[in-house]
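To start, the structure itself, in structure tokens.
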Amino acid sequence: MALLGSTTLQLSLAFCGLAFVLNAMYLANRDGRFFVGAQRGLIASSLLILIATFSLVHQLMVSNFSVEYVARYSSAATPTMYKFAGLWAGMEGSLLFWLAILGIYVILVNYLNRARNRSLMPIVNVVMAIVMLFFLMVTIFFENPFTMLPEGIRMQVRGMGLNPLLQHPVMLIHPPMLYLGYVGFVVPFAFAVAALTTRRLDATWVRSTRRWTLLPWLFLAIGIILGGRWAYVELGWGGYWAWDPVENASFLPWLTGTAYLHSVIIQEKKNMLRLWNVILIMATFTLTIFGTYLTRSGILSSVHAFAGTELGIWFFGFVMLIIVACVILVLMRKDELASRNRLESFTSRESGFLFNNMIFVALALAVLWGTMFPILSEAVRGTKITVGSPYFDRITTPIGLILLLMIGIGPLLAWRRTSIGTMRRNFTLPMGAAIVVAAVCMLLGIHRIYPVLAIALVAFVLTGIVVEVVRGIGARRRTSGESSLRAFLNMVDKNRSRYGGAIVHLGVLLMFVGFVGKAFTVEQDTTLRTGESTHLQDYVFTLEKHYTVERSNHTALIADIAVSRADKLVTVLKPEKRVYTDQNNQPNSEVAIYSKPLEDLYALVGGENPESGSVVLKIMINPLVQMVWLGGIILTIGTIVAIWPSRTDRRLREKRLA
Amino acid sequence: MMKRAFLSIALIFLAGHLWGQSDPMGKDALQRELEYEIMAPCCYGGPVADHDSDAAQKVKEQIARLLAEGKTKEEILDMYVAIYGEQILARPRAQGFNLLAYIMPPTILLVGGLLVVYFVSRIKAPASEPSSVESTSYSDEFFKKIEKEMQELNI
Amino acid sequence: MDTYLAPILLFLVFAGAAYYVLSPFLSKKVVAVGEEEATYTSALELRKVSLYKQIKEAEFEREMGLIDDEDFQRTRTDLVTEVADVVRQLEGLPQEQNVTTATKPDDTQSPACPKCQAPIEPGARFCTQCGSELANTCPQCGKAVSEGDRFCTACGRGLLN
């Protein structure tokens, strides 16, 4: 049945090519039959990709090891759900998965726009067809997941199994989310190109793609946060973000995407920044492809990277093609992109958004600079250097704090122009809160500049948000006499992007609190014999016993560590050191984590010393890590609030006014 | 003025770990810091502090020994660079060509900020535009109609 | 069994997809796609709704004390004026004529920009004076035409191109 997969993939390429040609003919002759034909060709191509994907999943499920990919990324002993995860464990499968998600987006976009945006859709489909063609060609000609093993060795192959690091529930969600995010940005990008080509540069394309941008942005955010979560519970170094090139590659489009989400508000409200928005979404899309390139080319050393292949040059060419095409298109339309409206004042929400945009882009450029610097250095000086987390922490922290400040200031400014009176009224309370919190921190003995600054800024932003919501509820109650809860719900529904945004900000604040916590992590490497104990802050860690357990595909050394505080037992941590027998005895650490609301107890067993009977342990106390995950959940809720159509939107849509 | 502003921004970026302790560092803290500044020489996949490999373990023990011998942080880093090359450092030293790595981000931020200021002041409307005059070209009834439509749409 | 099943299945898949894609071409007549649904007008309608929303937002911000009366009055006046401009463009009314005293525009007059009344070249896309887009005006006489109209209501020129 592997034949089914590889042939449908080739058919898909044929139909995608046909769709592209029909679309081009439609643009030349404007005969509607060609438009419908092209649309259907693209949908057929997408459906064929989905069939191919199901076929690969099927091969993985039935463990058909005569398919090379299946043999490399699963084994008969692999649990069923991780056999499924094999789909994105390797280069070939992940490219097919990328295509499958693109296919889903193509079908959805064409279905949801069946009666709308008719003048944009042909171009939108051309753009999506080009992207699809590229990935189809790469998959079929260079990285075909349906390649069969040579007859001779088929019978001996038992399957190498999935990398144990990837055998974690988070790994079932993290890659799909990331891909949904990455691929999703193709939709607003295609609309931007269509708006430019057809000269329909008003806010229509921006309105039409609002949800198409928010959704991939959210997926990308969830993907990034889950990646952090996975690193934290699986990699065993007590952190969640290492500024690894591949992490950065996913962070970059998220940053520019965030800038875009903010600046389109100005286009919707004031019909300004049309050029800037087009550039931002083009940059975001280019960065997603560039990220795919970074991951797959092997030009940067990274724990995530797939083995280096000759693919790099093709991806590089495609990225260059996108950049050149975008630049030409923008230059051709630059006069029409100029806005006619004006800004009223520096002290306005609009200019706040402009500064916010600049900081997001500066942050993205700084991260990009750091990520690419080793390549630059090697090219210029011929010396290999490392640009690791100490560099990025140093560079991004001040920019992050400025961003935090802007999150606070922005919503306190009025649209158009803020008078002195308004400023005084809005800033007094948040500023007061910030100063008080900073003073309390100092009194509590925290003298490090960045943490105090960060906490003070969090207080500043938080107070701003709370005051705004409380005042809003009050205002609604005065005018409509509703109960507080009803007033709150109605207020949110009346302006979902604003309050959804406020909730997202709340989530980001919590995450910043988590980042501050990272500065207060304490850790200890120690070697303990049974019955011995060690102190870390006010906890006592005692090694109760250690023993070896044989399981189906691995052997585990387990250490039972009793943790007590003030002579009271808190928990028993049971970290494991596993050796996977089906993976050439690859070792892997299973972290033991005990989460309390404000701190995590984190333990790792490094190995056993057979002579002395002692075990090597690493223990950490990570304060406030939970805030990062909680912040992620709140960010998700906020984005959903913003995406969900309000009653007003639904009513306007019936009148075709939205 | 400009120069000073730039210098102070650059200083913030170059300043030592502002997240880190300000009090003089004990041996343990120095050991920790070095463990984060030196990459694991097995695969250069992370600093030795985070890395779970024999090579990383060896480096940690070496650092402890060198510190016990009374070597300073810089001396120890120099030794590792001499053995493994600059790649061993988790972040490049802020000197020579590598200074660029540290100068670029604050420069981008500063130039970006100036660009925004320039852009805003260029497209800024004159201070108090007499918008009320403009609105007189419409009759009250026209406005009433608009208000009515707004009420009906109930946005 | 498997050796026959796969090719048959594949052929069916291919035939189905091919029919799906090519069936539009089986009919001789040109399929109407509904090409330009409300381009200029819908953009203006969107703009109007956006401005209404901004007015409401400003009113709410005043109510909750986020902006003071001074800011509010100025913002509201600006916004209402902008809405008025949009509404007028939507109705295709020349600026000098108040709605209350709107007279029937002279049918014989030369094409003029609906916004600033400057004379315009027939078929021009933008006004040479004020830069307004003239997409929904008749290319012959310059009168405003509604989206979907097949002929200009003022001079009778066909609009389907």
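The values are calculated or read from the model by the stated rules, or taken from the named source; none is laboratory data. Only a predicted model underlies this, so the values are computations on that prediction, with no experimental measurement involved. Positions of Cβ are backbone-derived with ideal geometry, glycine not excepted, and every protein chain shown enters the neighbour counts. Quick note on the areas: whole protein, heavy atoms, side chains included, nothing else; ligands and nucleic acids left out. Shrake-Rupley method; radii C 1.70, N 1.55, O 1.52, S 1.80 Å.
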- Task: State, in square angstrom and to the nearest 100, the accessible area buried between chains B and A, both chains counted, probe radius 1.4 Å.
- Result: 5000
- Other protein chain Cβ atoms within 10 Å, averaged over every residue that makes up A:417-428: 4
- Item | Dipole moment magnitude, nearest 20 debye, the range A:522-623 about Cα centre, only Lys, Arg, Asp, Glu C-beta charged | 160
- Message: Please report Rg (one decimal) and Dmax (integer) in Å for the Cα set of the range C:40-91.
- Response: 12.1, 37
- Message: Show me the chymotrypsin sites (Phe, Trp or Tyr not before Pro) within the range A:590-635 that DSSP assigns to loop and that have at most 14 other Cβ atoms within 10 Å of their Cβ.
- Response: none
- Message: If you average the C-alpha positions of the range A:619-635 and of the range A:531-545 separately, how far apart do those two centres end up, in angstrom?
- Response: 24
- Item | Burial order of peptide ranges A:199-206, A:277-284, A:447-454 (average beta-carbon count within 10 Å, highest first) | A:277-284, A:199-206, A:447-454
- Message: Helix-only mean residue ellipticity at 222 nm, chain A, DSSP H runs n ≥ 4 weighted -39,500 (n - 2.57), per residue, nearest 500. What is it?
- Response: -21500 deg cm²/dmol
- Item | Entries in A:Lys577/B:Lys73; A:Lys518/A:Lys545; A:Lys518/B:Lys58; A:Lys384/A:Lys618; A:Lys518/A:Lys596; A:Lys596/B:Lys58 that, when Cα-Cα distance is taken, lie over 23 Å | A:Lys577/B:Lys73; A:Lys518/A:Lys545; A:Lys518/B:Lys58; A:Lys384/A:Lys618; A:Lys596/B:Lys58
- Task: Mind checking A:32-45 for the average number of partner chain beta-carbons within 10 Å of each residue's beta-carbon?
- Result: 5
- Packing-based order for A:86-96, A:103-113, using average beta carbon neighbours within 10 Å, highest first: A:86-96, A:103-113
- Message: Suppose each label sits 7 Å from its Cα in the direction of the beta carbon; what would the A:Ala562-B:Met79 distance come out to in nanometres?
- Response: 4.1
- Query: Mind checking the log10 I(q)/I(0) for the range A:522-623 at q = 0.22 Å⁻¹? Debye, one equal scatterer per Cα, no solvent, two decimals.
  - Reply: -1.12
- Message: Give me the percent relative contact order of chain A, please, defined on Cα pairs under 8 angstrom at least 6 residues apart.
- Response: 10
- Within the set of other residues whose C-beta is less than 13 Å from the C-beta of A:Gly5, count the net charge using Lys and Arg as +1 and Asp and Glu as -1. -2
- Nonlocal amide H pairs with A:Val570, under 5 Å, H built at 1.01 Å: A:Val563, A:Ser564, A:Arg565
- Label point distance in nm, B:Leu99-A:Arg486, each placed 7 Å from Cα along Cα→Cβ: 6.8
- How far apart, in nm, are the 7 Å Cα→Cβ label points at B:Cys43 and A:Val466? 4.6
- A student applying the Cα gyration tensor rule (rounded when a/c is under 1.5; otherwise prolate if a/b is larger than b/c, oblate if not) would label chain A oblate
- To the nearest whole number, what is the average tally of beta carbon atoms from other chains within 10 Å of the beta carbons of peptide C:58-64? 6
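Subtract the Cα-Cα distance of A:Ile435 and A:Met137 from 0.36 nm times their separation in residues, and report this length gain in nm to one decimal.
Gain on extension, A:Ile435 to A:Met137, equals 101.4 nm.
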- Provide the solvent-accessible area of B:Tyr84, counting protein heavy atoms only and rolling a 1.4 Å probe, rounded to the nearest 10 Å². 90
- Item | Selection from C:Met64, C:Gln54, C:Leu44 lying farthest towards where the dipole of the range C:40-91 points positive, charges on Cβ | C:Leu44
- How do A:Ile455, A:Ile407, A:Ile633 stack up against each other in accessible area, from largest to smallest, with a 1.4 angstrom probe? A:Ile633, A:Ile455, A:Ile407
- What order, most packed first, do the peptides A:254-264, A:515-525, B:65-75, A:495-505 have when packing is the mean number of other Cβ atoms within 10 Å of each residue? A:254-264, A:495-505, A:515-525, B:65-75
